[in-house]
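The values are calculated or read from the model by the stated rules, or taken from the named source; none is laboratory data. This structure is a prediction, so every number in the text was calculated from the model and none was measured. No Cβ is skipped: glycine too gets one built from the backbone with ideal geometry, and neighbour counts run over all protein chains shown.
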Amino acid sequence: MGGRRYVPAMKLPARSLILLLVAVGLAGLFVRLGLWQLSRRAERLDRNAAVAERSVLAALDWTRPGSVPPDTSGMTWRRVRVSGRYDREREIVLRGRTLDGRPGVESLTPLMVGDAAVLVIRGWLPAADAMRPDLPSGWPPDWDDEGSVTLSGTVVPPAPGRAGQPISLDMGGGERLILAGADPEVVAEHLPYGLLPYVIRADAGQPRAATLDQPRPSEPGSGPHLSYAIQWFAFAAIAIGGTGILLLREQRT
């Protein structure tokens, strides 16, 4: 009598099983990294939408004493006008800032607005090592702002936790604090007065030393996150597909 033919279940050797488990683990990691890149892209697009929405609003007037609000809610990417006096003795160097592919630094200067200060990114300087400006004195001596100034700029996100290890170097006969990011909490530890929780990027045409170039604002594009996500998903497919092909060939031999 005819009957169904018994086909024994295929058992994977231990080596093949381990290889399959490793491939599945790597694929899961790659997928997770791809999803992370997509979430970063979504954050970037949300930020761009906020920039576009707030850039058309009228500039906030912070030129009167006590007009700078203590609450930063909804202030990021708003344009402002603020008056004060620069504390040039305590200017800070932001290292690792490129402009048109050239290494350099940015000037982060406390602007006194009453009894406290707000941080202002004033401009960019070339620096071969992205730390010490390429100037004879080591720092721009030709400031063109005497006394009180009024400037316009954009409130940009601070960099909490990204100041890096603070470094103090002698530049132009004075000590300069060098940081990797504009973190108000870190900067406040080195100032003898209060610091408001804002970082302002000065607009073009604002009073600045002649040696300072205009700091370039961050690009409004979506960034490379989508292409990175596609790459991670491709790696996941290669890990699974490549391992599957390899195991099939081993079974046939």
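Is at least one residue of region 141-151 among the aromatic types (F, W, Y), in a loop (DSSP other than H, G, I, E, B), more than 19 Å from I200 (Cβ to Cβ) and modelled with pLDDT under 85?
No, that holds for no residue.
If you take the residues in region 42-70 that are small (G, A, S) and not in a helix (DSSP H, G or I), which one is surrounded by the fewest Cβ atoms within 10 Å (Cβ to Cβ)?
Residue satisfying both the conditions and the ranking: A58.
Please find, within region 158-173, the residue that is modelled with the lowest pLDDT out of those that are in contact with a Phe, Trp or Tyr (Cβ under 9 Å, 6 or more places away or on another chain) and surrounded by 13 or more Cβ atoms within 10 Å (Cβ to Cβ).
G172
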